[in-house]
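The structure appears right after this line, and notes come after that.
The values are calculated or read from the model by the stated rules, or taken from the named source; none is laboratory data. Quantities reported herein were computed from a predicted structural model and do not represent experimental measurements. Every residue, glycine among them, receives a Cβ derived from its backbone with ideal geometry; neighbour counts consider all protein chains shown. All accessible areas refer to the heavy atoms of the entire protein, side chains included, with ligands and DNA or RNA removed. Shrake-Rupley method; radii C 1.70, N 1.55, O 1.52, S 1.80 Å.
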Amino acid sequence: MRNIIKADLYRIFRSKGVYIALAVFLLLTVLQVLFGADGLVIGVMVDSDIRYDVVYNADGTVSELIPQEITMNGRDAPFIFADVTDNLIYLILPFIVFIVAVDFQSGAVKNILSSGISRYKYFFAKFSLMALVSASLMAVYLFLPIILGTILYGYGGEINGEYISAIAEIYLPQFYLVFAYVCVGLFVSFAFKSVAALNTIYIMLSLLPTIIIAILIEYNEWYAKLLDYVIVLAIKTFSLAGGSAPPDTPKALMIGGIYMIFSIIGGILLFRKAEIK
Amino acid sequence: MSQIVLQTHSISKHYGTTCAVDNVNIVIKKGDIYGLIGRNGAGKTTLIRMITALTFASSGELSLFGQTSASGLNAARCRMGSVVEIPALYPHLSARQNLEYYRKLRGIPNKSAVDEALTAVNLMDTDKKKFRNFSLGMKQRLGLALALLSNPDFIILDEPTNGLDPMGIVEMREMIKRLRTDRGITFMISSHILSELSLIATRYGIIHDGKMIKELTDAELREKCQRCLSIKVDDTKKAAVVLETVLNTTMYKVLSNNEIRLYDYFDNIAEVPLALNTHGVRVSALTEINDNLEDYFMSLIEAVTPANGGKKDA
């Protein structure tokens, strides 16, 4: 499995497309950091931002928003820009294409499987590599604001257990949920073996459920409950948490787990006996 | 006894109600160049795809280097190289980068393996040219280089001369012969062109409508397809004496039904009945038989094909 990952890393870093995707990813991240949620350029229009700690009722509805002034600096930047991570599911799509879908599109998977590499090994190597890539991109999302904030405003504080715990509370669940959605992309890649199908289904799955539920809510409020099961919205919930995890964390984590388990089991069931064209 | 590299036991593949490969038994021994011949859709590629793990048999058993279990077969496939259908490599990588990728993937520690494989197929001078810009001939050669990368004992090539120009076909043929002689590699090569395979293969399997209709050695095929004179005589013993003593040839075979097959004297056919008659052998018929490979192949196919034609396309 290690050989597959090593070889894939060698391959993808010899592709112009990956450098373009990385450049776009970094550019968007920098722009998202430099332009706040309000669309104001940091350092020109504002030098601080107000975030809200959310107080929830027992039923999960928002009770109160407590304004928390956060000074713009490297230390606090990850809290201010935690809400940009919900874009990660889109920015990660080119990497799923380069790592998995291209193998099927080019037919190169034939050479891999006919050389004695088991399908299970191949399948889990791809999942492992995508976990590594997701974690790396998430790390960029975490550290880039810290670096830019520090360059522009200084670090402005100290690192302690509380700080690390707060960061982990926001970013780890987001990584988990982003990877859960990446697993859906991997499932689609193994099921349809086509770049076009991956791009279409991946993007549609991120948008359609919310749109359909929104239409259903117009007819009956009850359908609002279904929004809890939309992973893209769960990622957003965490990204907007502003320093404290929402009370439905276990539910969100469970949903992510279900997405992952179904994608992995479904993917392996389809792939283990699939015809390789 | 020669070591058996590949053996199938009643292997079959069904797609719904269509039987693409039907109870095929083949044995490939070490050192063979096994030519798998059949028309398009005969089941050649399906059989190869089962051997190379790209599809799974519906029934039957496959044995590769004596391994039959799933894990054993995967281990055995490490000793095998293959190019199935059109060589498929990463289009954005050069020849060297593609091979380097597969070297890493297969955990081949010898870094010079890439250069050795490229040298073997004369692709050392392609530099940074991307695979997508290769001609079909170059792609076929790179496919062979990929098959050679892990220094395999057995190589499977599916229609390796497809799309090659005449020069490319000769080069590919010479390469295969050289690899067999120099490295002792066993080959299985599929083609629908018997005359092309006949220049390199040592054994043949003829497949039609998913069934293996004939397996034969190169010598057997040559015999079947050899040009000869069929001479019907009243006394074959006497005729044999005349052929050896008067016409000074031993290139004949006595068959039943008072028939002798003579593989000589094509330049002077008239001399043969004259000599026989002069020495008291009565010739009742003389026919020149000139079955070429294609004729032989077609006669085999026709023999197993129902009068209303083929039954399906696999």
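With both partners inside the protein assembly as shown, how many of the DSSP beta bridges are antiparallel, as a percent to the nearest 5?
Details: 45 of 64 bridges.
About 70 percent, rounded to the nearest 5.
Just to be sure I follow: if Rg is taken over the C-alpha atoms of segment A:172-239 and Rh is the Kirkwood radius over the same atoms, what is Rg/Rh?
1.04
How much accessible area does B:SER94 have with a 1.4 Å probe, in Å² rounded to the nearest 10?
Estimated to the nearest 10 Å², B:SER94 gives 10 Å².
With a 1.4 Å probe and all protein chains kept in place, how much accessible area does B:GLU259 have, in Å² rounded to the nearest 10?
30
Of the residues B:HIS14, B:HIS192, B:HIS208, which exhibits the maximal mean-square fluctuation in a Gaussian network model of chain B defined by a 10 Å Cα contact cut-off?
B:HIS14
Short version: ³J(HN,Hα) in whole Hz for each residue of segment A:187-192, in order, from phi by Karplus 6.51 cos²θ - 1.76 cosθ + 1.60 (θ = phi - 60°), x for Gly and Pro, what are they?
Once rounded to whole Hz, the list reads 4, 4, 4, 6, 7, 9.
May I ask what percent, to the nearest 5, of DSSP beta bridges between residues of chain B are antiparallel?
On the way: 35 of 53 bridges.
Restricted to chain B, the bridges split so that about 65 percent are antiparallel.
Any number yet on Rg/Rh for the protein assembly as shown, C-alpha, Kirkwood?
My calculation puts Rg/Rh at 1.18.
Output the Kirkwood hydrodynamic radius of segment B:84-219, Cα pairs only, in Å rounded to one decimal.
15.7
To the nearest whole number, what is the average tally of beta carbon atoms from other chains within 10 Å of the beta carbons of peptide B:46-53?
Details: counts 0, 0, 1, 5, 0, 1, 7, 9.
So the per-residue partner count for this stretch is 3.
When the dipole is taken about the Cα centre of chain B, and only Lys, Arg (+1) and Asp, Glu (-1) are charged at their Cβ, what size is it in debye, to the nearest 20?
1280
Can you give the FRET efficiency to the nearest 0.05 for A:ASN220 and A:ASN57, using r as the Cβ-Cβ distance and R₀ = 22 Å?
Calculated value: 0.50.
Can you list residues whose amide H is under 5 Å from B:VAL5's amide H, if they're 5+ apart or on another chain and H is modeled 1.01 Å from N?
The answer is B:ILE28, B:LYS29, B:LYS30.
Based on the inverse mean of 1/r over its pairs of different Cα atoms, what is the Kirkwood hydrodynamic radius of chain B, in Å?
Radius from the Kirkwood sum: 22.0 Å.
Between their Cα atoms, which of B:LYS44/B:LYS128; A:LYS16/B:LYS30; A:LYS110/A:LYS236; B:LYS29/B:LYS130; A:LYS277/B:LYS130 are more than 32 Å away from each other?
Beyond 32 Å: B:LYS44/B:LYS128; A:LYS16/B:LYS30; A:LYS110/A:LYS236; B:LYS29/B:LYS130.
Got a sec to turn the phi values of segment A:101-115 into Karplus ³J(HN,Hα) couplings, 6.51 cos²θ - 1.76 cosθ + 1.60 with θ = phi - 60°, whole Hz, x for Gly and Pro?
Karplus-based 3J(HN,Hα) across segment A:101-115 equals 4, 4, 4, 6, 4, 7, x, 5, 4, 4, 5, 6, 6, 7, 9 Hz.
For B:ARG203, B:ARG261, give the ranking by accessible area with the largest first, probe 1.4 Å.
Highest to lowest solvent-accessible surface, that is B:ARG261, B:ARG203.
Can you list residues whose amide H is under 5 Å from B:HIS208's amide H, if they're 5+ apart or on another chain and H is modeled 1.01 Å from N?
Under 5 Å from the amide H of B:HIS208: B:ILE213.
For A:LYS6 and B:PHE266, FRET efficiency with R0 = 56 Å and r from the beta-carbon atoms, rounded to 0.05?
Using R0 = 56 Å, I get an efficiency of 0.35.
Heavy atoms only, 1.4 Å probe, whole protein assembly: order B:LYS237, B:LYS232 by accessible area, highest first.
Numbers: B:LYS237 160, B:LYS232 75 Å².
I get B:LYS237, B:LYS232, largest accessible area first.
Could you state how much accessible area A:TYR223 has, in square angstrom rounded to the nearest 10, with a 1.4 Å probe and all protein chains kept in place?
70
Short version: ³J(HN,Hα) in whole Hz for each residue of segment B:32-38, in order, from phi by Karplus 6.51 cos²θ - 1.76 cosθ + 1.60 (θ = phi - 60°), x for Gly and Pro, what are they?
After applying 6.51 cos²θ - 1.76 cosθ + 1.60, I find 5, 10, 8, x, 9, 10, x Hz.
Leaving ligands, DNA and RNA out of it, rank A:GLU218, A:GLU158, B:GLU288 by accessible area with a 1.4 Å probe, largest first.
From most exposed to least exposed: A:GLU218, A:GLU158, B:GLU288.
With the cut-off at 1.5 for a/c, could you classify segment B:49-115 from its C-alpha gyration tensor as rounded, prolate or oblate?
Because a/c hits 1.5 or more and a/b fails to exceed b/c, segment B:49-115 counts as oblate.
So what is the orientation-averaged projected area of segment A:96-222, using the convex hull of its C-alpha atoms, in nm²? Numbers along the way, then the final one.
Numbers: hull surface 50.1 nm².
About 12.5 nm², averaged over all directions.
Around A:GLY107, what is the net charge, scoring Lys/Arg as +1 and Asp/Glu as -1 over all other residues with Cβ under 9 Å from its Cβ?
Its environment carries a net charge of 0.
Calculate for the protein assembly as shown the 222 nm mean residue ellipticity that helices alone would give, adding -39,500 (n - 2.57) per DSSP H run of length 4 or more and normalising by residue count, nearest 500 deg cm²/dmol.
Calculated at 222 nm, the ellipticity per residue is -15000 deg cm²/dmol.
Taking amide H positions as placed 1.01 Å from N in the peptide plane, with prolines and chain starts having none, which residues 5 or more places from B:THR249, or on another chain, fall under 5 Å of its amide H?
So B:THR249 has HN proximity to B:GLU244.
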